[in-house]
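Below you'll find the structure, written out as C-alpha cells, and then a few comments.
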Amino acid sequence: MSALSDQLVTFATLVYLIAMISHAVEYALGNARTRVAAAPARELVGAGVGASGATVAPPAAPVTPVSPVGRSAARARLAGTIAVAATAVAALLHLAALVTRGVAADRMPWGNMYEFVLTVSFIGSAAWLVVLAKRPSLRRLGLFLTLVMVLLLATAELVLYVPVVPLVPALNSYWFVIHVSTIVFSSGIFLLGVVPAVAFLMRNGYEQGRRSFPYTLAKRLPEAAALERLTFVLHAFSFPVFTFAVIAGAIWAEAAWGRPWGWDPKETWAFISWVVYAGYLHARATPSVKRNVATWIAVIGFFTVLMNLFGVNIFFTGLHSYGGLS
C-alpha cells in the first residue's frame, strides 16, 4: 500500500501539471472574442410575377465563415474544460494516495510533514472544485491553484518524503484526530484563500492603471471585486475552524504535558497566525481600511502558516518536532 500511495502521488502531480498547462492555454487564448462580420442588409424585394409567370423570391443571406478569433475562443473554452476535468481527476488520485497511505500506516495520514503537506494540499484542491462549481466565472484562477499544487506535491515527494512509520507515543490519542484534522482543514482553506488574495492584489493594481510586472499577469483574471469577496469568504469560513483547532491543541497539551500553553515554537507560531488572521478580518470589517491593505494582511497570515509548517519543523526543536526530517 505504501508503494501504491507513492505512485498515486506521482500520478496526481503529473495530472495537476496537465491541468496547469491546460489552464495556461486557456489563459493565453482567453481574450479571444468571436467577431462576426456584419451581414449586408437584405434588400427588400417584393414578390411578384415575372414575364414567365414564376414567383420571384428574395435572395438568401450570405453565410459568414467562422473567424480565426472565434476558433481561438472555442479552443480556450475547450482548454478550460480539460483543465477542470484534469484537476478533478488529480484530486481523486490525490485522495487515493492519502487513503492508501493511511491504510499502510494503520492510522490517519497526518503523522509527519510529508503527510501533512499532502493532506493540506488535497483540502485546498477539493475546496477549489467546490468553489468552481458555485462560481464557474472564476475558472481562470485555476492556473495559479494548480501551479501551487504542483509545487507542493513536488516538494513533498522530493524533499519531505519519509517511509511509513508508526506514530510517536505522544500522538497516540483521540485528540490527534480532533486537533490535527481541524488544523489540516483550516490550513487547506487558508492555502486556497491566498490564491485569490494574491490575484486580487495584482488585478486591483491592473485596474488602477499599473502595467508593470506582475500586474500585467492579471489582465485576464476575473474582476478585482469578485476576487476580494472570495478571499474574504474563504478566510471568514476557515478562521473559526482554526480557532477551534488552537483551543483543542491547548486542551490536548493539558492532558499530555500538564499545561495548556508553554510557548513551544509550534504553539507560538500558531498564535501568531491566529493574531494575523484575526487582524485581517478586523481590517476587512473596518470601512476606513482599504481592501488591498486588508488583503496584504491575509497574505502575511499565510506566510506565518508556512513558517509554522516548514520553518518550525526545520529550524527549531520542541515538543511538536514531528516533521520526520532528519
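Things to note:
- Filter pass, Ile297 being of a type in the set (Val, Ile, Thr), under 27 Å from Ala127 (Cα atoms), in a helix (DSSP H, G or I) and open to solvent by 60 Å² or more (accessible area, probe 1.4 Å): no
- One residue stands out in the stretch 300-317 among those that are in contact with a Leu (Cβ under 8 Å, 6 or more places away or on another chain) and either at pLDDT below 85 or of a type in the set (Lys, Arg) (or both): the one that is surrounded by the most Cβ atoms within 10 Å (Cβ to Cβ), namely Asn313.
- Boolean, Leu44 is at pLDDT 90 or above and out of contact with any strand residue (DSSP E or B) (no Cβ under 7 Å at 6 or more places or on another chain): no
- Test: residue in the stretch 184-194 that is open to solvent by less than 40 Å² (accessible area, probe 1.4 Å), in a helix (DSSP H, G or I), of a type in the set (Ser, Thr, Tyr) and at pLDDT 90 or above: yes
- Among residues of the stretch 93-112 that are under 13 Å from Leu4 (Cβ atoms) and among the hydroxyl-bearing types (Ser, Thr, Tyr), those with a Cβ under 8 angstrom from a residue that is open to solvent by 20 Å² or more (accessible area, probe 1.4 Å) and in a helix (DSSP H, G or I), sequence gap 6+ or separate chain, pair up as Thr100/Ser2; Thr100/Leu4; Thr100/Leu8.
- Among the residues of this structure, Val195 does not count as one that is farther than 19 Å from Glu26 by Cα and either under 19 Å from the mean Cα position of the chain (by Cα) or among the hydroxyl-bearing types (Ser, Thr, Tyr) (or both).
- Scanning the stretch 99-121 for residues that are assigned to a helix (DSSP H, G or I) and either in contact with a strand residue (DSSP E or B) (Cβ under 8 Å, 6 or more places away or on another chain) or farther than 13 Å from Ala156 by Cα (or both) returns Val99, Thr100, Arg101, Gly102, Val103, Ala104, Ala105.
Residue-by-condition table, conditions (1) farther than 19 Å from Gly301 by Cβ; (2) of a type in the set (Asp, Glu); (3) in contact with a helix residue (DSSP H, G or I) (Cβ under 8 Å, 6 or more places away or on another chain); (4) part of a helix (DSSP H, G or I):
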position	(1), (2), (3), (4)
Met149	yes, no, yes, yes
Leu167	yes, no, yes, no
Ile178	yes, no, yes, yes
Ala199	no, no, yes, yes
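- Qualifying positions in the stretch 202-224 - closer than 23 Å to Gly80 by Cβ, surrounded by fewer than 13 Cβ atoms within 10 Å (Cβ to Cβ) and small (Gly, Ala, Ser): none
The values are calculated or read from the model by the stated rules, or taken from the named source; none is laboratory data. From a predicted model like this one, the values you see are computed outputs, not experimental measurements. Positions of Cβ are generated from backbone atoms using ideal geometry, with glycine treated the same way; all protein chains shown enter the neighbour counts. The area values use the complete protein model at the heavy-atom level, side chains included, leaving out ligands, DNA and RNA. Shrake-Rupley method; radii C 1.70, N 1.55, O 1.52, S 1.80 Å.
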